[in-house]
Every structure is written in structure tokens, then in C-alpha cells.
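The values are calculated or read from the model by the stated rules, or taken from the named source; none is laboratory data. None of these values were measured; they are calculated from a predicted model. Cβ placement follows ideal geometry from the backbone for every residue including glycine, while neighbour counts extend to all protein chains displayed. Only protein heavy atoms, including side chains, enter the accessible area calculation; ligands, DNA and RNA are left aside. Shrake-Rupley method; radii C 1.70, N 1.55, O 1.52, S 1.80 Å.
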2 protein chains.
Amino acid sequence: MNGNKKKLQTPYYAVIFTSQRTKADNGYEKMSQAMVDLASNQQGFLGIESARDNDLGITVSFWESLEDIKKWKENSAHQVAQEKGKEEWYSDYKVRVCKVERDYSLE
Amino acid sequence: MNGNKKKLQTPYYAVIFTSQRTKADNGYEKMSQAMVDLASNQQGFLGIESARDNDLGITVSFWESLEDIKKWKENSAHQVAQEKGKEEWYSDYKVRVCKVERDYSLE
């Protein structure tokens with residue numbers, strides 16, 4: 001599902017980003033897609049899954065290590081997006097950094 | 001955001017359930033709400049967040065311990081729902097059991 005077709009070896013890491021959007025659009029969609037493209041090319045990136053219901057969105061990205069997550073958070077273009085997010089796009093958000101201990105699927 | 005107003009103490013645990021729905025509705029919405037209500041009353045339940053975009057849905061539930069997650073998975077009414085899910089409602093899904101190592105929010 002969404003770039004996670006291959007079976008990953010646990011443990012790996014997940015960042016759960018839950019957000020509440022403001023009404024301001026102002027470049028959000030474009031930036032959002034640019035960040036997915038940029039993340040996909042980062043060291044240790046394993047996949048991303050995203051869903052939004054009205055204003056509540058959940059995006060989960062998967063990574064090989066905590067160090068990879070730290071580097072992605074510090075990426076300079078991502079930092080610009082994070083600032084715009086705080087100022088304009090999100091009325092609230094929560095970030096959770098997790099270790100995936102096991103996974104299984106329907107098939 | 002969605003029942004996670006209070007600041008939780010890490011580590012706690014998360015179950016990331018990503019699913020692809022079939023077209024079959026057949027009681028899905030009703031069962032889905034019943035499962036949220038039932039989970040909310042389980043030992044160790046800390047909150048739930050959910051979003052669906054067309055057919056892709058992400059639901060993340062939060063728990064105090066792996067033992068609480070195991071008990072919820074084994075709950076008999078939940079087992080019935082899981083079977084219906086496999087047979088009718090989901091064309092694909094993935095479950096990831098995670099340890100939340102740290103979290104932070106906008107505010």
C-alpha cells in the first residue's frame with residue numbers, strides 16, 4: 001500500500017504526523033507534494049502513507065533508523081516547510097516517533 | 001486531536017492500521033463505530049485517530065502496553081469484526097505495532 005509494497009524487516013521506524021489544517025491554502029498542496037518527493041530521496045526512507053478526512057490528516061513515513069529521521073527533520077528545505085506549516089497551514093499537529101516492533105498484512 | 005488531548009508519557013504503544021476498502025458497505029460504518037466504542041473501554045486504551053481518503057484509511061490507536069494491544073486483538077467481538085474485515089471490507093491492510101519513543105506537538 002502506497003510505496004510499502006515490499007516486506008520490511010522489523011525493527012524499522014515510523015513518524016506519525018497527525019495534523020489539523022487551517023483554511024489557508026496558499027501553496028500547501030504544492031509544498032506537500034514537494035516534501036513527499038524530497039523525503040523519498042532521503043537516506044533511509046522506506047515509504048509513506050497518507051490520508052485526510054476533512055481537516056484531520058494522518059501521514060506516516062517509514063525509516064530505517066532514528067538517525068535518518070533526525071536528518072530529515074533537519075533538512076533545510078524541510079525546515080522551511082515546517083515553519084510555513086506552523087505559521088499558516090496547521091492549527092494543531094502532533095508528531096510521534098516510533099519503533100515498529102512487528103507488522104503483518106492481509107495477504 | 002481526537003481523544004489525545006492530554007499529554008501522554010512516553011514510552012507508550014501505537015497500532016497503525018492502514019487499509020484499502022472494498023466497495024462493500026454491508027454494515028461497515030456501524031461496525032467501525034462499535035469497535036471504536038468498544039476499544040475505548042478496554043484496559044490501557046489511550047486514544048484513537050482516524051482519517052480516510054477515498055479508499056485508503058489510516059487509523060492509529062494508542063495503548064499503555066503490548067499486553068493491552070494483545071488483549072484487544074483477542075477480544076471476541078473484535079475477532080468477529082476482524083473476520084468480517086478480511087472477508088468483506090478490506091481488499092488490503094497492514095497492521096504495525098509500534099513503541100512511541102517520543103512525541104511533540106505544535107503548542
What is the interface area between chains A and B, defined as buried accessible area summed over both chains with a 1.4 Å probe, reported in Å² to the nearest 100? 4000
Given a 1.4 Å probe, how much area per residue of chain A is accessible, in Å²? 52
Delta accessible area of at least 20 Å² on complex formation, residues of segment B:25-74, 1.4 Å probe, chain isolated as reference: B:49, B:50, B:51, B:52, B:53, B:56, B:58, B:60, B:62, B:66, B:73
What do you get when you divide the Cα radius of gyration of the protein assembly as shown by 2.2 N^0.38 Å, with N the number of residues? 1.00
From the C-alpha gyration tensor of segment A:6-68, pull out the three semi-axes of the equivalent ellipsoid (sqrt of 5λ each), sorted largest to smallest, in whole Å. 24, 14, 9
Calculated P(r) of chain B - Cα pairs past 20 Å, %: 39
Where does each of B:12-21, A:63-72 land if you order them by average Cβ count within 10 Å, highest first? B:12-21, A:63-72
Carbon plus sulfur, as percent of the 1.4 Å-probe accessible area of chain B, comes to 48
For peptide B:85-97, compute the average count of partner chain beta-carbon atoms within 10 Å of each residue's beta-carbon. 4
Rounded to the nearest 500, the 222 nm mean residue ellipticity computed for the protein assembly as shown from DSSP H runs (n ≥ 4, each -39500 (n - 2.57)) alone is -8500 deg cm²/dmol
Relative packing of A:75-81, A:87-93, which averages over residues the other C-beta atoms within 10 Å, highest first: A:87-93, A:75-81
Considering only C-alpha atoms, what is the centroid distance from segment A:21-56 to segment B:46-107, in Å? 22
Shortest first, in nm, what separates the label point of residue B:83 from those of the same position in the other copies (7 Å along Cα→Cβ)? 5.7
For residue A:91, placing the label point 7 angstrom along Cα-to-beta-carbon and taking segment A:4-42, residues whose amide nitrogen sits under 19 Å are A:18-29
Taking the Cα centre of segment A:1-60 as the origin and placing charges on Cβ (Lys, Arg +1; Asp, Glu -1), which of A:26, A:11, A:39 is farthest toward the positive end of the dipole? A:11
Give a residue-ordered list of calculated ³J(HN,Hα) values for segment B:14-29 (Karplus: 6.51 cos²θ - 1.76 cosθ + 1.60, θ = phi - 60°; whole Hz; x for Gly, Pro). 10, 10, 9, 10, 9, 9, 10, 7, 7, 7, 5, 9, 5, x, 4, 4
Placing a label point 7 Å from Cα toward Cβ, how far apart in nm is residue B:104 from its equivalents in the other copies, listed shortest first to one decimal? 3.6
Please get the size of the charge dipole for chain B, origin at its Cα centre, with Cβ charges of +1 on Lys and Arg and -1 on Asp and Glu, quoted in debye to the nearest 20. 180
Using the Cα centre as the reference, give the magnitude of the dipole from point charges on the C-beta atoms of the protein assembly as shown (Lys, Arg: +1; Asp, Glu: -1; all else neutral), rounded to the nearest 20 debye. 300
Checked against the positive end of the charge dipole of chain A (+1 on Cβ of Lys and Arg, -1 on Cβ of Asp and Glu, about the Cα centre), the farthest of A:89, A:56, A:100 is A:100
Given pairs A:30/A:86; A:30/A:71; B:7/B:99 and cut-off 18 Å on Cα-Cα distance, the over-length ones are A:30/A:71
Defining the label point at 7 Å along Cα→Cβ, can you sort the distances from residue B:66 to the same site in each other copy, shortest first, in nm? 1.7
